[in-house]
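Shown next, in structure tokens, is the structure this report addresses.
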Amino acid sequence: MLKNSFISVFSQKEKEENRGSVEFQVLSFTNKIRRLTSHLELHKKDYLSQRGLRKILGKRQRLLAYLSKKNRVRYKELIGQLNIREIKTR
């Protein structure tokens, strides 16, 4: 597991102020997803972690859908910074 690969887009002061913001929540979910993904590469049969990963992916997807509806510019900036794919729109 590489701890250096985790993303720190916000400074320490911004982290303390904006923990409830959508961007911060998506950032923390993305870090958890990357950590769990690297864990599951080693432990392929850890089904509880797979379930947790799917739950976190769903939460992040719902937050990104909310952000794309509310503020498309902030959404585009966030997915660019985090290097994640754009969600599918219906």
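Taking only the range 71-88 into account, find how many residues are free of Cβ contacts under 8 Å to residues at least 24 places away in the same chain and surrounded by 10 or more Cβ atoms within 10 Å (Cβ to Cβ). Counting residues in the range 71-88 that are free of Cβ contacts under 8 Å to residues at least 24 places away in the same chain and surrounded by 10 or more Cβ atoms within 10 Å (Cβ to Cβ) gives 8.
Within the range 33-66, the set of residues being touching a residue at least 12 places away in the same chain (Cβ under 8 Å) and among the basic types (Lys, Arg) comprises Arg34, Arg35, Lys59, Arg60. For the range 51-71, the tally of residues that are among the polar types (S, T, N, Q) and under 16 Å from the mean Cα position of the chain (by Cα) stands at 2.
Of the set (1) assigned to a helix (DSSP H, G or I); (2) open to solvent by 90 Å² or more (accessible area, probe 1.4 Å), all apply to Arg19 but (1). Taken as a whole, the condition of being at pLDDT below 95 and either of a type outside the set (A, V, I, L, M) or exposed (fewer than 14 other Cβ atoms within 10 Å of the Cβ) (or both) does not apply to Glu41. Summed over the range 23-75, the residues that are part of a loop (DSSP other than H, G, I, E, B) and in contact with a Leu (Cβ under 9 Å, 6 or more places away or on another chain) give a count of 1.
The values are calculated or read from the model by the stated rules, or taken from the named source; none is laboratory data. Since the model is a prediction, treat every value here as computed from it, not as a measurement. As a convention, Cβ positions derive from the backbone with ideal geometry for all residues, glycine included, and neighbour counts pool all protein chains shown. We work out accessible area using only protein heavy atoms, side chains counted, and drop any ligands, DNA or RNA first. Shrake-Rupley method; radii C 1.70, N 1.55, O 1.52, S 1.80 Å.
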